[in-house]
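S.K.: Pasting a structure here, questions to come.
Every number in this text was worked out from the coordinates using simple rules, so none of it is lab data. Given the structure is predicted, the values throughout are model-derived calculations rather than measurements. In this analysis, Cβ positions are derived from the backbone assuming ideal geometry, glycine residues included, and neighbour counts consider all displayed protein chains.
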Amino acid sequence: MKTSSARETKPHKSSNITWSNSIVTREERCALNKHGSCALWLTGLSGSGKSTIAFAIEKELYRHHINSYVLDGDNIRHGLNRDLAFTEEDRAENIRRIGEVSKLFVDAGMVVIAAFISPNEGDRATVKELFLPHDFIEIYIKCSLEECERRDPKGLYRQARNGSIPNFTGISAPYDVPVNPAITIDTEQLSVEQAVQLVLDYLKLRHDIA
């Protein structure tokens, strides 16, 4: 079952604002970094392996002298999004903010790795629209609900099953499986090393980055 395919764009609450263009371009920043920039958007159920793979990608890119940074769901909620809960509206705002931050990283000439459940297809589509088509790479971290529950690294599924955590994705809230992701990583079949190599091969082929 798909949740809403799009969210209404909220109007600006600020007035009398004007966008200021930097004198330094994205192309110049990429030239300085000696590599291109893009956003890797990892989506999947809790426990699927998003964070593990994201940080492993970051480490491998570092080994290749590629500037990158991981935006992790839990980490972001410790700071930037600490004011947001897990209501449908707050989840949409959580993803909107991360999309905007990711766009800034790409403009800075870096590879940003965003690891978020991001269960709503409409929210992901809204983020994708912020980028040029080749700048946003959606990566589906595929893992069955049964396996995610078996792993349950944070004990969240157990709490969701006993009713302690409402609106939990996969249990009491839906997850929209990506329709046409750039990359699908089945963590029940692939090791972390194999998953990372899959992403690096894609970047090398499509972006000449890795």
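S.K.: Which numbered condition trips up Ala160, out of (1) closer than 24 Å to Ile57 by Cα; (2) surrounded by 16 or more Cβ atoms within 10 Å (Cβ to Cβ)?
M.R.: Only one criterion in (1) closer than 24 Å to Ile57 by Cα; (2) surrounded by 16 or more Cβ atoms within 10 Å (Cβ to Cβ) is unmet by Ala160, namely (1).
S.K.: Just need a number here: residues in segment 108-123 that are outside any strand (DSSP E or B), within 21 Å of Phe55 (Cα to Cα) and either out of contact with any Gly (no Cβ under 9 Å at 6 or more places or on another chain) or not small (Gly, Ala, Ser) (or both).
M.R.: Step one: filter segment 108-123 for residues outside any strand (DSSP E or B), giving 108-110, 116-123.
In the following step, the residues that additionally are within 21 Å of Phe55 (Cα to Cα) were identified as 108-110, 116-119.
Still in the running and either out of contact with any Gly (no Cβ under 9 Å at 6 or more places or on another chain) or not small (Gly, Ala, Ser) (or both): 108, 110, 116-117, 119.
Result for segment 108-123: 5.
S.K.: Does any residue in segment 170-184 that is within 24 Å of Cys38 (Cβ to Cβ) come within less than 6 Å, Cβ to Cβ, of a residue that is among the basic types (Lys, Arg) and outside any loop (DSSP other than H, G, I, E, B) six or more places away or on a different chain, and which pairs are these?
M.R.: Sorted first by the residue in segment 170-184, then by its partner, the pairs are Thr184/Lys142.
S.K.: Can you tell me how many residues in segment 42-68 are closer than 18 Å to Ile171 by Cβ and out of contact with any strand residue (DSSP E or B) (no Cβ under 7 Å at 6 or more places or on another chain)?
M.R.: 1
S.K.: Restricting to segment 83-102, count the residues that are surrounded by 14 or more Cβ atoms within 10 Å (Cβ to Cβ) and either polar (S, T, N, Q) or not in a helix (DSSP H, G or I) (or both).
M.R.: Count: 4.
S.K.: What number of residues within segment 56-75 satisfy the criterion of being free of Cβ contacts under 8 Å to residues at least 24 places away in the same chain and either loosely packed, with under 13 Cβ neighbours inside 10 Å or not polar (S, T, N, Q) (or both)?
M.R.: Count: 4.
S.K.: Go through segment 124-135 and give me each residue that's free of Cβ contacts under 8 Å to residues at least 12 places away in the same chain, assigned to a loop (DSSP other than H, G, I, E, B) and either of a type outside the set (Asp, Glu) or touching a Cys at 6+ places or on another chain (Cβ under 8 Å) (or both).
M.R.: Result: Leu132, single match.
S.K.: Being in a loop (DSSP other than H, G, I, E, B) and buried (at least 16 other Cβ atoms within 10 Å of the Cβ) is the filter here; which residues of segment 168-190 pass it?
M.R.: Looking only at segment 168-190, we keep the residues that are in a loop (DSSP other than H, G, I, E, B), and these are 168, 170-172, 174-182, 187-190.
Within segment 168-190, Phe168, Gly170, Ile171, Tyr175, Asp176, Pro178, Pro181, Ala182, Thr187, Leu190 qualify.
S.K.: With the checklist (1) under 18 Å from Val196 (Cα atoms); (2) outside any helix (DSSP H, G or I); (3) basic (Lys, Arg) in hand, flag the one item Lys59 doesn't pass.
M.R.: Condition (2) is where Lys59 drops out.
S.K.: So is Ser164 farther than 26 Å from His64 by Cβ, touching a residue at least 60 places away in the same chain (Cβ under 8 Å), of a type outside the set (Phe, Trp, Tyr) and not in a strand (DSSP E or B) or not? I'd like the intermediate steps shown before the answer.
M.R.: Details: farther than 26 Å from His64 by Cβ: yes; touching a residue at least 60 places away in the same chain (Cβ under 8 Å): no; of a type outside the set (Phe, Trp, Tyr): yes; not in a strand (DSSP E or B): yes.
Judged against the criteria, Ser164 is not a match.
S.K.: Restricting attention to segment 32-45, and to residues there that are touching a residue at least 60 places away in the same chain (Cβ under 8 Å) and surrounded by fewer than 23 Cβ atoms within 10 Å (Cβ to Cβ), which single residue is nearest to Ile141 (Cα to Cα)? Spell out the reasoning first.
M.R.: So in segment 32-45, the residues touching a residue at least 60 places away in the same chain (Cβ under 8 Å) come out as 32-33, 35-45.
Still in the running and surrounded by fewer than 23 Cβ atoms within 10 Å (Cβ to Cβ): 32-33, 35-36.
Working: Leu32: 32, Asn33: 28, His35: 25, Gly36: 24 Å.
This residue is Gly36.
S.K.: Regarding segment 7-19, can at least one residue be identified that is under 30 Å from Asp186 (Cβ atoms), touching a Ser or Thr at 6+ places or on another chain (Cβ under 7 Å) and surrounded by fewer than 20 Cβ atoms within 10 Å (Cβ to Cβ)?
M.R.: Residues of segment 7-19 under 30 Å from Asp186 (Cβ atoms): 7.
Now narrow it down to the ones that are touching a Ser or Thr at 6+ places or on another chain (Cβ under 7 Å): 7.
If we keep only those that are surrounded by fewer than 20 Cβ atoms within 10 Å (Cβ to Cβ) too, we end up with 7.
Yes, some residue in segment 7-19 is under 30 Å from Asp186 (Cβ atoms), touching a Ser or Thr at 6+ places or on another chain (Cβ under 7 Å) and surrounded by fewer than 20 Cβ atoms within 10 Å (Cβ to Cβ).
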